[in-house]
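Here's the structure, in structure tokens; my notes come after.
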Amino acid sequence: MWTDPDDAPELTDEFFERAALMEGDRVLRPAQGTLTKRGRPKLENPKRQITLRLDSDLIDRLRESGPGWQSRINEILRKAV
């Protein structure tokens, strides 16, 4: 259905302040009032990555227990401390 362009709403300063700013497909500034946070919520006590050397036979045995073996190492260490 055709709409007369003269019937379009006036583009005010507020309209442009709230609009998303884009460069091609990349969003430089999301539109105001939209959900901008993505991904998982931040943890109160996030895990940190470290480097730790363990015996090969120990790692092999833990990996044999299936997915989640690194989390199980964390549980084992927590109990030991």
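The values are calculated or read from the model by the stated rules, or taken from the named source; none is laboratory data. In this text the structure is predicted, and so the values were computed from the model without any measurement. In this analysis, Cβ positions are derived from the backbone assuming ideal geometry, glycine residues included, and neighbour counts consider all displayed protein chains. SASA here: full protein model, heavy atoms, side chains in, ligands and nucleic acids out. Shrake-Rupley method; radii C 1.70, N 1.55, O 1.52, S 1.80 Å.
With a cut-off of 12 Å between beta carbons, the residues surrounding Ser65 carry a summed charge of 0, where Lys and Arg count +1 and Asp and Glu -1. Contact order, relative form, for the chain: 12 percent (alpha carbon pairs under 8 Å, 6 or more residues apart, mean separation divided by residue count). Debye sum, Cα scatterers, the chain, no solvent: what log₁₀ I/I(0) at q = 0.20, 0.21, 0.22 1/Å? These q points yield log10 I(q)/I(0) values of -1.06, -1.10, -1.15.
Given a 1.4 Å probe, how much area per residue of the chain is accessible, in Å²? List each step's numbers first, then the result.
Values: 8900 Å² over 81 residues.
Averaged over the residues of the chain, the accessible area is 110 Å².
Summary: within the chain, the longest segment free of trypsin sites (Lys or Arg not before Pro) located in DSSP loops with at most 11 other C-beta atoms within 10 Å is 1-36. With the whole protein complex present, Leu54 retains an accessible surface near 70 Å², based on a 1.4 Å probe.
When the solvent-accessible area of the chain is split by element, carbon and sulfur atoms take up 51 percent of it, the probe being 1.4 Å. Of the GluC sites (Glu not before Pro) found in the chain, those in coil by DSSP whose Cβ has at most 13 other Cβ atoms within 10 Å are Glu10, Glu44.
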